[in-house]
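Enquirer: First the structure, which I've put down as structure tokens, then a few questions once you've had a look.
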Amino acid sequence: MPNFPYAYIDLNALQHNLNKVKHFAPNSKIFAVIKADAYGHGAIETAKALVAADAFAVARVDEAIELRNAGIDKTLILLEGIRSAEELVLASKYKLSPVFHNEHQLQLCAQTVLEQSLTNCWLMIETGMHRLGIKPELAADYLAKLNTSDNISSEVGLMSHFANSDSLADPRNAQQLEQLAKVSDLTSLLSMANSGAIIEIADSHYDWVRPGIMLYGSSPFADKSAADLDLKPVMKLVAKITAIQSVTKGDQVGYGGDYIAEQTMTVATVSVGYGDGYHRALATNGYVDINGQLAKVVGRVSMDMICVDVSEVDVNINDEVVLWGSEHLSIDQVAAWAGTISYELLCHVTGRVTRVYG
Ligand SMILES: *Cc1c(COP(=O)(O)O)cnc(C)c1O
């Protein structure tokens, strides 16, 4: 039995969600995005489970090296590329595939002698997000430099990234695609779509798609649930009831006495807190799932504990409490209550929460 709380990671659900990517983008290859420890799910275990992915993408060199050391031998894309000559040498040594997105990286590539050339590299094009990438007008010149470099031995693809793919109606999606279309003749490898675009913008699929959040069973859209999209939750965060008490009108619950009972009620203490990644904003508007019934969080979130109102719920000490990822309580719902997005909740599940794979 793991220490509570634990995060149950459903590897069948992960595979199901990868199949949904194939269903939406049947003609594209798939970079499964497993940066930030696979959005909190554990990058190594996630990569091992996603055997049907064509390649993986991470943000940083150390994330990729960890995967290589664990025996993952597929193409590993570095979405933020390399920051120094040292990182370029590491990319070569560990057979990593950087995305180039600025002049500095191009210079490093021109100046550094690598023992082993790089393959499956990409050039990031700026199409409207203004975060990473070079302007379409410069693409031909940059591509020529990369494709003729001794350090690069396979065709370099062109990549860009949507700023608003979570909002189908946003005209900026089409504008970004127009920008990418300006350079599409320069290469036979194009990649644009993240989860939202995989589901809703078929024109953006091109040769490689880059799903992240949908693999983990969360919806990229505010107005469509994961269940609507037939995505299955991968992480179920579970804690236990460690105490049950009765409070009467006027009693304060938790730090600061923010919560004052308006009537006699039963309060259960649950073994999860912000030290595990449970968001403090859930104090004002959060619910947990106890045996299929929702119970409201009362009082502030402590480091290791929360209190919930179980006046209307039948509970016993040691009952399991699901914080998110059950049939009744999706992570998207909890994120909305916390005023954030599922990505943040998932990434913030801390190291002391045991991941249990099944
Ligand atoms: C994180 C990331 C993705 C995955 O995005 P989701 O919205 O999680 O699907 C795709 N491409 C790039 C460049 C990213 O940084």
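The values are calculated or read from the model by the stated rules, or taken from the named source; none is laboratory data. Please read all numbers here as calculations on a predicted model, not as lab measurements. Counting neighbours? That spans all protein chains shown, and the Cβs are built from the backbone with ideal geometry, glycine included.
Yes/no per residue for (1) at pLDDT 95 or above; (2) of a type outside the set (D, E, K, R):
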{"residue": "Ala110", "(1), (2)": "yes, yes"}
{"residue": "Ser117", "(1), (2)": "yes, yes"}
{"residue": "Asn120", "(1), (2)": "yes, yes"}
{"residue": "Gly133", "(1), (2)": "yes, yes"}
{"residue": "Leu143", "(1), (2)": "yes, yes"}
{"residue": "Ser149", "(1), (2)": "yes, yes"}
{"residue": "Leu158", "(1), (2)": "yes, yes"}
{"residue": "Ser167", "(1), (2)": "no, yes"}
{"residue": "Asp170", "(1), (2)": "no, no"}
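Enquirer: Suppose the filter is touching a Lys or Arg at 6+ places or on another chain (Cβ under 8 Å), part of a loop (DSSP other than H, G, I, E, B) and either surrounded by fewer than 23 Cβ atoms within 10 Å (Cβ to Cβ) or modelled with pLDDT of 95 or more (or both); does Leu229 pass it? Break it down into steps so the answer makes sense when it comes.
Expert: On the way: touching a Lys or Arg at 6+ places or on another chain (Cβ under 8 Å): yes; part of a loop (DSSP other than H, G, I, E, B): yes; either surrounded by fewer than 23 Cβ atoms within 10 Å (Cβ to Cβ) or modelled with pLDDT of 95 or more (or both): yes.
Yes.
Quick grid of which residues meet (1) among the aliphatic types (A, V, I, L, M); (2) within 12 Å of the ligand (Cβ to nearest atom); (3) modelled with pLDDT under 95; (4) surrounded by fewer than 22 Cβ atoms within 10 Å (Cβ to Cβ):
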| residue | (1), (2), (3), (4) |
| --- | --- |
| Phe4 | no, no, yes, yes |
| Tyr8 | no, no, no, yes |
| Ile30 | yes, yes, no, no |
| Ala57 | yes, yes, no, no |
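Enquirer: Return only the number of the condition from (1) closer than 22 Å to Ile82 by Cβ; (2) without any contact (Cβ under 8 Å) to a residue 12 or more places away in the chain that Ala181 does not satisfy.
Expert: Checking Ala181 against (1) closer than 22 Å to Ile82 by Cβ; (2) without any contact (Cβ under 8 Å) to a residue 12 or more places away in the chain, the one that fails is (1).
Enquirer: Which of the residues spanning the stretch 313-335 are in contact with a Leu (Cβ under 9 Å, 6 or more places away or on another chain) and under 15 Å from Ile213 (Cβ atoms)? Before you say what the answer is, go through the steps one by one.
Expert: Kept after step one, since they are in contact with a Leu (Cβ under 9 Å, 6 or more places away or on another chain), are these residues of the stretch 313-335: 313, 322-325, 328-329, 331, 334-335.
Those that are in contact with a Leu (Cβ under 9 Å, 6 or more places away or on another chain) and under 15 Å from Ile213 (Cβ atoms): Trp324, Gly325, Ile331, Val334, Ala335.
Enquirer: (1) touching a Ser or Thr at 6+ places or on another chain (Cβ under 6 Å); (2) outside any loop (DSSP other than H, G, I, E, B): which one isn't true of Ile199, the others all being true?
Expert: (1)
Enquirer: Looking at the stretch 145-183 only, could you name the residues that are surrounded by 21 or more Cβ atoms within 10 Å (Cβ to Cβ), of a type in the set (Gly, Ala, Ser) and part of a loop (DSSP other than H, G, I, E, B)?
Expert: Listed by number, the residues that qualify are Ser160, Ser165.
Enquirer: Continuing with the same structure: How many residues are touching a strand residue (DSSP E or B) at 6+ places or on another chain (Cβ under 7 Å), more than 16 Å from the ligand (Cβ to nearest atom), assigned to a loop (DSSP other than H, G, I, E, B) and farther than 20 Å from Val58 by Cβ when one looks only at the stretch 96-134?
Expert: Residues meeting the conditions: 1.
Enquirer: Could you give me the residue pairs with C-beta distances under 6 Å whose first residue belongs to the stretch 90-119 and is closer than 12 Å to Leu146 by Cα and surrounded by fewer than 15 Cβ atoms within 10 Å (Cβ to Cβ), whose second residue is modelled with pLDDT of 95 or more and of a type in the set (S, T, N, Q) wherever it lies, and which are 6+ apart or on separate chains?
Expert: Close Cβ pairs (under 6 Å, with a partner that is modelled with pLDDT of 95 or more and of a type in the set (S, T, N, Q)) amount to Ser117/Asn151; Ser117/Ser153; Thr119/Ser153; Thr119/Ser154.
Enquirer: Right, next: Trp337 passes all but one of (1) touching a residue at least 12 places away in the same chain (Cβ under 8 Å); (2) more than 25 Å from Asp258 (Cβ to Cβ); which number fails?
Expert: That leaves (2) as the condition not met.
Enquirer: Taking Asp73 as meeting all but one of (1) part of a helix (DSSP H, G or I); (2) farther than 18 Å from Tyr216 by Cα, write down the number of the exception.
Expert: Every condition holds for Asp73 apart from (1).
Enquirer: While we're on this one: Which is on the phi > 0 side of the Ramachandran plot, within 16 Å of the ligand (Cβ to nearest atom) and under 29 Å from the mean Cα position of the chain (by Cα), of Gly292, Gly212, Gly196, Gly217? Steps first, answer last, please.
Expert: Numbers: Gly292 fails: within 16 Å of the ligand (Cβ to nearest atom); Gly212 fails: on the phi > 0 side of the Ramachandran plot; Gly196 fails: on the phi > 0 side of the Ramachandran plot.
Answer to the check: Gly217.
Enquirer: So if I check each of Lys48, Lys22, Lys93, which one is closer than 22 Å to Leu346 by Cβ, of a type in the set (Lys, Arg) and either at pLDDT 95 or above or more than 16 Å from the ligand (Cβ to nearest atom) (or both)? Spell out the reasoning first.
Expert: On the way: Lys22 fails: closer than 22 Å to Leu346 by Cβ; Lys93 fails: closer than 22 Å to Leu346 by Cβ.
The conditions single out Lys48.
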